[in-house]
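Notes follow the structure.
The values are calculated or read from the model by the stated rules, or taken from the named source; none is laboratory data. These figures come from a predicted structure and were not determined experimentally. We place every Cβ from the backbone using ideal geometry, glycine too, and count neighbours over all the protein chains shown.
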Amino acid sequence: MGNEGGGMRYKVIFRNIKHPRIELKTGEVVVIVPYGERPEDVVKRHEIWIKNKIKFIEECLKGADKVKLFKREKSEFEKIINSLTETLSKELKVKINKIIIRKIKTKWASLSKKRNLTLNSLMVYLPFRLIRYIIYHELVHIFYKRHDSNFWKLISKRYKNYEKYEKELFTYWFLICKKTNKNT
């Protein structure tokens with residue numbers, strides 16, 4: 001279903017949820033709203049945010065044709081993950097319970113309250129430096145659960161230009177999703 005509001009096209013999904021949300025995970029604007037709520041009101045309320053996100057996505061994809069996807073054997077990838085997690089855990093003086101590698105639909109990684117580090121198997125396509133950044137980013141969540149100013153202050157101690165890494169990860173996300181969706 002395609003709707004238009006504020007000069008932009010968006011897809012609407014009605015669900016049995018409490019709060020509306022807007023997703024741009026594939027580059028398409030998707031407005032998910034509770035039954036009975038007007039999606040055009042949600043879009044209007046968040047129009048500036050949506051337009052800024054669309055602009056950011058377009059910027060990320062400008063040089064995407066120059067980005068190289070890596071392909072590693074599963075065993076090589078697991079060695080990289082284990083080594084980086086061990087090294088970065090020591091650096092931050094934290095302990096991880098276990099590492100889980102599986103395909104995640106919406107993000108690169110997560111860290112549970114039990115300190116289980118779940119990494120997206122699609123990270124296999126990333127350059128080493130971005131894999132290292134993702135693991136470091138997740139380990140910092142041991143100290144700060146949210147992406148607040150304290151979180152980014154700690155990230156910036158090691159990654160002064162973390163915004164560049166975040167933007168690159170966004171570019172890779174779209175490229176990898178495009179590639180893996182073609183193969184499925």
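Below is a table of values for the structure above.
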read-out: Filter result (surrounded by fewer than 19 Cβ atoms within 10 Å (Cβ to Cβ) and within 23 Å of L24 (Cα to Cα)) within segment 82-108; value: R102, K103, I104, K105, T106, K107
read-out: Test: F174 is surrounded by 16 or more Cβ atoms within 10 Å (Cβ to Cβ), touching a Phe, Trp or Tyr at 6+ places or on another chain (Cβ under 7 Å), hydrophobic (A, V, I, L, M, F, W, C) and under 27 Å from I54 (Cβ atoms); value: no
read-out: Check on W152, aromatic (F, W, Y), outside the structural domain of F56 (by TED's automatic domain parsing) and surrounded by 19 or more Cβ atoms within 10 Å (Cβ to Cβ); value: no
read-out: Subset of segment 32-63 (residues that are within 19 Å of P127 (Cβ to Cβ) and either among the polar types (S, T, N, Q) or in contact with a Leu (Cβ under 6 Å, 6 or more places away or on another chain) (or both)); value: none
read-out: Residues of segment 147-162 classified as closer than 26 Å to S121 by Cβ and among the charged types (D, E, K, R), total; value: 1
read-out: Residue list for segment 20-69, filter: in a strand (DSSP E or B) and either at pLDDT below 85 or closer than 28 Å to R129 by Cα (or both); value: E23
read-out: Check on K107, within 28 Å of I22 (Cβ to Cβ), under 13 Å from the mean Cα position of the chain (by Cα), in the same structural domain as F174 (by TED's automatic domain parsing) and at pLDDT below 95; value: yes
read-out: Boolean, K51 is under 19 Å from the mean Cα position of the chain (by Cα), among the charged types (D, E, K, R) and surrounded by 13 or more Cβ atoms within 10 Å (Cβ to Cβ); value: yes
read-out: Among (1) farther than 24 Å from E23 by Cα; (2) free of Cβ contacts under 8 Å to residues at least 40 places away in the same chain; (3) out of contact with any Asp or Glu (no Cβ under 8 Å at 6 or more places or on another chain) - the single one K68 does not satisfy; value: (2)
